[in-house]
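S.K.: My questions all concern the structure below.
Nothing in this text is a laboratory measurement; each read-out follows from the coordinates by a stated rule. Predicted, not measured: the structure shown is a model, and the values here were computed from it. Note that we place each Cβ from the backbone using ideal geometry, even for glycine, and neighbour counts take in every protein chain shown.
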Amino acid sequence: MYLKNHTYQKIYENLGFDESFGIKGFDKLKNSISLLHNGYLLGSCKEAGIFIKNHKDKKIENIFDFVISIYNKRIKTHHILFLFIHIFETALRSKMAIVLSNNYSSDKNSNDDWFKNPNNPWLVNKTQRVINMQRSNLDLNSTTSYEVLDLFTFGDLENVIKNHWADFKPIFADTKKYKNQDLPCYGTKEHFLNTLSRIRKARNDIFHNRPSRIKPKSIIANIEILLLRLDFNLKDAFYGIENSKYNLNLKYSYD
């Protein structure tokens, strides 16, 4: 009872008014406390309160309907970010698997064993720490780079790139065009890692069902650039998916 009443009080505070204001829908709004995401609900109430305060000429008939319209937009953005980040993370893991296998395996033409090649002590030790941390029973004698990197957290991937920047610099920092369109360069290791860190923070929020404090437009813009630098065509990724459902506003031409 306390939690629900406390949350309802926060809704009042974020809206800037209560039932005495004379708007319908407060009962449904109170019931939604036990059904909707608390962070997005309170954020939507705050946005609604600001709008009503700044647009006194706009009549709101039902506060629940108004708040839920804002809430649904936020949830839709959450879904878009989840999809974009998932696509990017998958592409990054696969590209890293190829780069590491080609550059650090004992024989790139016949072996995929960078994760146990004694000539790469940092990578071998990193892999073993990850396996121990995950308590995995992965057999390094019969596995692939893909399966090894599946055990790595996003932060682990950052760490690998940081320590092997020379191998990834051509992908992310060199001049590149996509269908005669110049792509921005992440010219320094620090620039790229800062961008990747922001994506990781947003990823952890989104994947754990939390609102991200990082602006969605910034995340999507950077992921679009990074995917193109990975030679990934987003148009192909959305084949069979209703693009109109996500209202995608991509910057680059894919035709």
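S.K.: Determine, from the Cβ-Cβ distance of residue 72 and residue 142 and an R0 of 51 Å, the FRET efficiency 1/(1 + (r/R0)^6), rounded to the nearest 0.05.
M.R.: 0.60
S.K.: Among 96, 133, rank each residue by its count of other Cβ atoms within 10 Å, from fewest to most, as a rough exposure measure.
M.R.: 133, 96
S.K.: Between the range 95-137 and the range 49-82, how many Å separate their Cα centres?
M.R.: Using only Cα atoms, the two centres lie 49 Å from each other.
S.K.: Next question, about the same structure. Going down the table (28/76; 53/251; 116/176; 4/201; 108/179), which pairs top 26 Å between alpha carbons?
M.R.: 53/251; 116/176; 4/201; 108/179
S.K.: Is the range 36-110 best put as rounded, prolate or oblate by its Cα gyration tensor, with a ≥ b ≥ c the root eigenvalues, rounded for a/c under 1.5, and otherwise prolate when a/b is larger than b/c, oblate when not?
M.R.: It comes out prolate by the Cα gyration axes.
S.K.: Then there is this: Starting from 0.36 nm per residue, how many nanometres of slack lie between residue 50 and residue 103 once their C-alpha separation is accounted for?
M.R.: 13.6 nm
S.K.: Now, a different point. Can you compute the FRET efficiency between residue 58 and residue 177 using 1/(1 + (r/R0)^6), with r the Cβ-Cβ distance and R0 = 41 Å? Round to the nearest 0.05.
M.R.: Rounded to the nearest 0.05, the efficiency is 0.30.
S.K.: Oh, and also: Hey, can you grab everything whose amide H is under 5 Å from the amide H of residue 176? Only 5+ residues off in sequence or another chain; H modelled, so Pro and N-termini drop out.
M.R.: 183
S.K.: Right, next: Among 226, 193, rank each residue by its count of other Cβ atoms within 10 Å, from fewest to most, as a rough exposure measure.
M.R.: With the sparsest Cβ surroundings first, the list reads 193, 226.
S.K.: Give the share of C-alpha pairs in each 10 angstrom bin for the range 31-180, from 0 to the last occupied bin, in whole percents, shortest bins first.
M.R.: 9, 27, 19, 14, 16, 10, 3, 0
S.K.: Quick check: net charge around residue 131, other residues with Cβ under 13 Å of its Cβ, Lys/Arg +1 and Asp/Glu -1?
M.R.: 0
S.K.: Using a simple charge model, +1 on the beta-carbon of Lys and Arg, -1 on the beta-carbon of Asp and Glu, nothing else, what dipole does the chain show about its Cα centre, in debye to the nearest 20?
M.R.: Roughly 820 debye for the chain.
S.K.: Another question about this same structure. Provide Rg over Rh for the chain; use the alpha carbon set for both Rg and the Kirkwood Rh (inverse mean inverse pair distance). Working shown, then result.
M.R.: Values: Rg = 23.5 Å, Rh = 21.5 Å.
Across the chain, the Cα-based Rg/Rh ratio is 1.09.
S.K.: Quickly work out the residue 165-to-residue 135 label distance, labels modelled 7 Å from Cα along the C-beta direction, and quote it in nm with one decimal.
M.R.: 3.7 nm
S.K.: Ok, one more. Taking θ as phi - 60°, what are the ³J(HN,Hα) couplings along the range 143-151 by the Karplus curve (6.51, -1.76, 1.60), each to the nearest whole Hz, with x for Gly and Pro?
M.R.: The phi angles translate into 10, 10, 4, 4, 5, 5, 5, 4, 7 Hz.
S.K.: Also: If you project the alpha carbons of the range 2-61 onto their three principal axes, what span does each projection cover, largest first, in Å?
M.R.: Per principal axis, max minus min of the Cα coordinates gives 35, 20, 16 Å.
S.K.: A further question on this structure: Summarise the long-distance tail of P(r) for the range 111-205 by giving the % of C-alpha pairs beyond 17 Å.
M.R.: Roughly 59 percent, once rounded to a whole number.
S.K.: While we're looking at this one, here's another question. So what is the relative contact order for the range 35-151, in percent, with contacts set as C-alpha pairs under 8 Å and at least six apart?
M.R.: On the way: 72 pairs, mean separation 21.2, N = 117.
After rounding, I find 18 percent.
S.K.: Note down the relative contact order for the range 75-246 as a percent, whole number, built from C-alpha pairs under 8 angstrom at least six residues apart.
M.R.: For the range 75-246, the relative contact order is 25 percent.
S.K.: Taking θ as phi - 60°, what are the ³J(HN,Hα) couplings along the range 5-22 by the Karplus curve (6.51, -1.76, 1.60), each to the nearest whole Hz, with x for Gly and Pro?
M.R.: Each residue's phi maps through the Karplus curve to give 5, 5, 5, 5, 5, 5, 4, 4, 4, 6, 6, x, 6, 10, 4, 5, 6, x Hz.
S.K.: Further, regarding this structure: Among the aspartates and glutamates, which fall within straight-line cross-link reach of residue 73, defined as a Cα-Cα distance under 16 Å, with same-chain neighbours fewer than 8 residues apart omitted?
M.R.: Here the aspartates and glutamates satisfying the reach criterion relative to residue 73 are 47, 65.
S.K.: For a quick check: sort 50, 223 by the number of other beta carbons within 10 angstrom, fewest at the front.
M.R.: 50, 223
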